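Participant: Below you'll find the structure I mean.
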Amino acid sequence: MESSAKELPATLPPVDLSGRTILVTGASGGFGRALALECGRAGASVVLAGRNGAKLDRLYDEIVASGALEPAIVQLDFASATAADYDRLSATIDREFGKLDGLVHAAALLGDRTPLEQYNVPTWCRVLHVNLTAPFILTQVLLPNLRKSPDASVIFVSSGVARKPRAYWGAYAVSKAGLEALRSMLGQELEGEPNIRINSINPGRMRTAMRAAAYPAEDPNSLPQPSAVTAPFLYLLSAQARGIDDQYFDAQ
């Protein structure tokens, strides 16, 4: 963990995200879905971004049924999104909410688990674009929205292979390592803007489709549900985490 004015408390308290608007990418499945649901339950106005419209609609219904605020849906495929798509998202957030208090980059592709010598080049390019270039673009475009918040939190979803690359993890590991560099550079460049904090969290082992694809022989019942590892993310999205900036955390 890097040095900073504050660290995560040993026991994470319940958080209240009332009055906060939080955009979660990758909300149509896996960890992003679980986090978006928990953000809604904690009182946030959630913007659901993902490529699968049907899954986003089902999550919308689940959030509303839980008694949370009505979320917003943005169907966006980062593999093919254009500059106009990103600008439209920023304009929509500005018009509907006036500010953006939280941005969680949960969308990701696993790509191939194969030696670099045999790695498919188009797959490599697609994984790097979705996992690294798209978060860079989205953060850049949404900085004006984040600056309108008195306390904005940006979180990159990291991975253990970001800091300890392992053979056969290909473009996924390279993209996650790139996100760590991006997070650190942003943190340094925005050091003079204390109302925006940039952090990353590795959620660790979870029962998701991506984990199953990466470890097909693993018993999924031995893994925690994604909802079980959302607490550090919720804390960093809350006002209680003021002062925690430019850090990497392991959720487990």
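The values are calculated or read from the model by the stated rules, or taken from the named source; none is laboratory data. Since this is a predicted model, take the numbers as computed values, not measurements. In this analysis, Cβ positions are derived from the backbone assuming ideal geometry, glycine residues included, and neighbour counts consider all displayed protein chains. Please note that ligands, DNA and RNA were not included when accessible areas were found on the heavy atoms of the full protein model with its side chains. Shrake-Rupley method; radii C 1.70, N 1.55, O 1.52, S 1.80 Å.
Participant: From (1) free of Cβ contacts under 8 Å to residues at least 12 places away in the same chain; (2) of a type in the set (D, E, K, R); (3) open to solvent by less than 30 Å² (accessible area, probe 1.4 Å), pick out the condition that doesn't hold for residue 151.
Facilitator: Of (1) free of Cβ contacts under 8 Å to residues at least 12 places away in the same chain; (2) of a type in the set (D, E, K, R); (3) open to solvent by less than 30 Å² (accessible area, probe 1.4 Å), only one is false for residue 151: (1).
Participant: Next question. Please work out which residue is nearest to residue 52 (Cα to Cα), limiting yourself to segment 108-158 and to residues that are part of a strand (DSSP E or B) and of a type in the set (Gly, Ala, Ser).
Facilitator: 153
Participant: I need the full set of residues from segment 107-132 which are within 24 Å of residue 74 (Cα to Cα) and open to solvent by 80 Å² or more (accessible area, probe 1.4 Å), in order please.
Facilitator: 126, the sole residue that qualifies.
Participant: Which of the residues belonging to segment 10-32 are modelled with pLDDT of 95 or more, hydrophobic (A, V, I, L, M, F, W, C) and in a loop (DSSP other than H, G, I, E, B)?
Facilitator: 15, 17, 27 - these are the residues of segment 10-32 that are modelled with pLDDT of 95 or more, hydrophobic (A, V, I, L, M, F, W, C) and in a loop (DSSP other than H, G, I, E, B).
Participant: Scan segment 163-194 for residues that are among the small types (Gly, Ala, Ser) and at positive phi and jot them down.
Facilitator: Residue satisfying the conditions is 170 alone.
Participant: May I ask you to list the residues in segment 204-226 that are closer than 16 Å to residue 159 by Cβ, open to solvent by 30 Å² or more (accessible area, probe 1.4 Å) and of a type in the set (A, V, I, L, M, F, W, C)?
Facilitator: Within segment 204-226, 209, 210, 212, 213 meet the criteria.
Participant: Another question, then. Find the residue count for segment 207-223, including only residues that are over 16 Å from residue 105 (Cβ atoms) and either part of a strand (DSSP E or B) or of a type in the set (A, V, I, L, M, F, W, C) (or both).
Facilitator: Total meeting the criteria: 6.
Participant: Also, quick follow-up: Which of the residues that make up segment 133-148 are over 15 Å from residue 184 (Cα atoms), open to solvent by 50 Å² or more (accessible area, probe 1.4 Å) and either under 14 Å from the mean Cα position of the chain (by Cα) or of a type outside the set (D, E, K, R) (or both)?
Facilitator: Hits for segment 133-148 are 133, 144.
Participant: Turning to a different aspect of this structure: I'm checking my understanding of the structure. Among residues of segment 191-203 that are in a loop (DSSP other than H, G, I, E, B) and touching a Pro at 6+ places or on another chain (Cβ under 8 Å), which one is surrounded by the most Cβ atoms within 10 Å (Cβ to Cβ)?
Facilitator: Among residues in segment 191-203 that are in a loop (DSSP other than H, G, I, E, B) and touching a Pro at 6+ places or on another chain (Cβ under 8 Å), the one surrounded by the most Cβ atoms within 10 Å (Cβ to Cβ) is 203.
Participant: Let me ask something else about it. Going through segment 227-243 one residue at a time, which ones are buried (at least 17 other Cβ atoms within 10 Å of the Cβ) and either among the polar types (S, T, N, Q) or out of contact with any Ser or Thr (no Cβ under 6 Å at 6 or more places or on another chain) (or both)?
Facilitator: Of everything in segment 227-243, those that are buried (at least 17 other Cβ atoms within 10 Å of the Cβ) and either among the polar types (S, T, N, Q) or out of contact with any Ser or Thr (no Cβ under 6 Å at 6 or more places or on another chain) (or both) turn out to be 229, 230, 231, 232, 233, 234, 235, 238, 240, 241.
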